[in-house]
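See below for the structure under consideration.
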Amino acid sequence: MIFVAATLRAPLTSVGPVIELIKSDLEISNTLAGLLTTIPLIIFGFVSPIVSKIVTKLTMSSTILYALLILLVGLLLRVSGDIGLFIVGTILLGIAIAFGNVCLPSYVKWRFPLQIGLFTGVYSATMNFTAGLGGGLSYPLSEITPLGFRLSLSFWVVLTILAIVFWWPQVKSGKQEELQATKAMQAKVQGPKVRMVTSKLAWVVALTMAMQSMVFYTVIAWMPTILVDKGMSPTAAGFLLMLNQFSQVPMTFIFPIIASKMQNQKLLVTIVSMLFVLGFSLLFSQSYIVLVIGIIIAGFGMGAGFSLCMTFFSIRARTNAGSMSLSGFGQSIGYFIAAIGPFLIGFLHDLLGGWDVGIISLIVISVLFYIFALQAASDKYVED
């Protein structure tokens, strides 16, 4: 599970620090560069709702294995040629990562029902740790050989192969057990299947996911560029993005454990929102020290916000089926809306010039996160 989680963020966070090299090599604009980060989010939106249907035919373990194989192909295609192949590879990455994103919360609810908070923290922390590696290593790796960004973006093939190797025994040994557990669970569930689209709780969970994801993907797409604009070197900007991702790790581990033990999570939502607003406000500064502090505080908020959303997918549903449906619906709506972020900020920069508009946008998104997450934190279930 840890190795699978390790493949779900790094292939995306590794793009931001080398976006200028990609723009130069592939001869694309800021708007199109923003679109490269937006494409996976749009794919997440389309793919997430169908994951539960495919899982019922294949089981979660088999679905995750096929997703890893698609991810491997996408990583290789992305660095194989021109902008066309880059986009095709990015689309395949989006499909593969969407399956992993939806399956892992439900897998945890099924495999570790008494330690949902702990194991949500384990895989969330892994995602953020490897996301940090993606941000920090991407630019230095691009300078090692004449291959440039193509080497740094293909580096994550190694992690994907390791994930396939370690996950393979799980598919072979756990399939029958998983099928039996699914049938037993379905036999216990009474009443009609929940339609997420008519559930107010499902919508506020989805909108919470949307604001959290918009913050994350806007930061990984444009934060290195914003920092370079303030006078930092690309290497320093990449390392600060890595620091931002690493600062998320303790929060992604601790918050799900706390959240799963609380009757409602409104206090945690308030803490996350305050960290967002304070961290992003400090980015207006030109002081290196203040920028570092802002990056770390924002990272605390991003890690806590992400793991809180993942926990909502588990604790806002009574059953595994409800958890998977909520996860699929929440991530579909969430990523469709989040896709606006990187593209819009690239467009606003091309239109208005300067990066302050990007920082202001992040603060506005943080306030919206607070409004929606406060309602998602109520002690309710989508099946009720």
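The values are calculated or read from the model by the stated rules, or taken from the named source; none is laboratory data. Please read these numbers as outputs of a predicted model, since none were measured by experiment. Cβ coordinates were reconstructed from backbone atoms using ideal geometry, including for glycine residues, and neighbour counts include every protein chain displayed. Surface accessibility is based on the protein's heavy atoms, side chains included, excluding ligands, DNA and RNA. Shrake-Rupley method; radii C 1.70, N 1.55, O 1.52, S 1.80 Å.
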query = Looking at Phe369, is it crowded, with 17+ Cβ neighbours inside 10 Å, farther than 13 Å from Ala221 by Cα, under 19 Å from the mean Cα position of the chain (by Cα) and in contact (Cβ under 8 Å) with a residue 24 or more places away in the chain?
reply = yes
note = Reported set for the range 255-267 where residues are open to solvent by less than 10 Å² (accessible area, probe 1.4 Å) and more than 18 Å from the chain's Cα centre (by Cα) is Ala259, Gln265
ask   = Just to be sure, is Gln263 within 21 Å of Ser106 (Cα to Cα) and not hydroxyl-bearing (Ser, Thr, Tyr)?
value = yes
request  = Please determine, by comparing only the residues of the range 135-153 that are more than 20 Å from Leu77 (Cα to Cα) and of a type in the set (A, V, I, L, M), which one is most open to solvent (accessible area, probe 1.4 Å).
outcome  = Ile144
Matching residues in the range 228-261 - criterion: being under 18 Å from Asn128 (Cα atoms) and among the polar types (S, T, N, Q) = Asn244, Gln245, Ser247, Gln248, Thr252
message = With the structure loaded, tell me whether Met232 is open to solvent by 10 Å² or more (accessible area, probe 1.4 Å), hydrophobic (A, V, I, L, M, F, W, C) and not in a helix (DSSP H, G or I) or whether it fails that test.
response = yes
remark   = Restricting the range 1-22 to residues that are open to solvent by 30 Å² or more (accessible area, probe 1.4 Å) and assigned to a helix (DSSP H, G or I), the one nearest to Val108 (Cα to Cα) turns out to be Ile2
message = Quick check on the range 239-254. Is at least one of its residues buried (at least 17 other Cβ atoms within 10 Å of the Cβ), in a loop (DSSP other than H, G, I, E, B) and at pLDDT 90 or above?
response = no
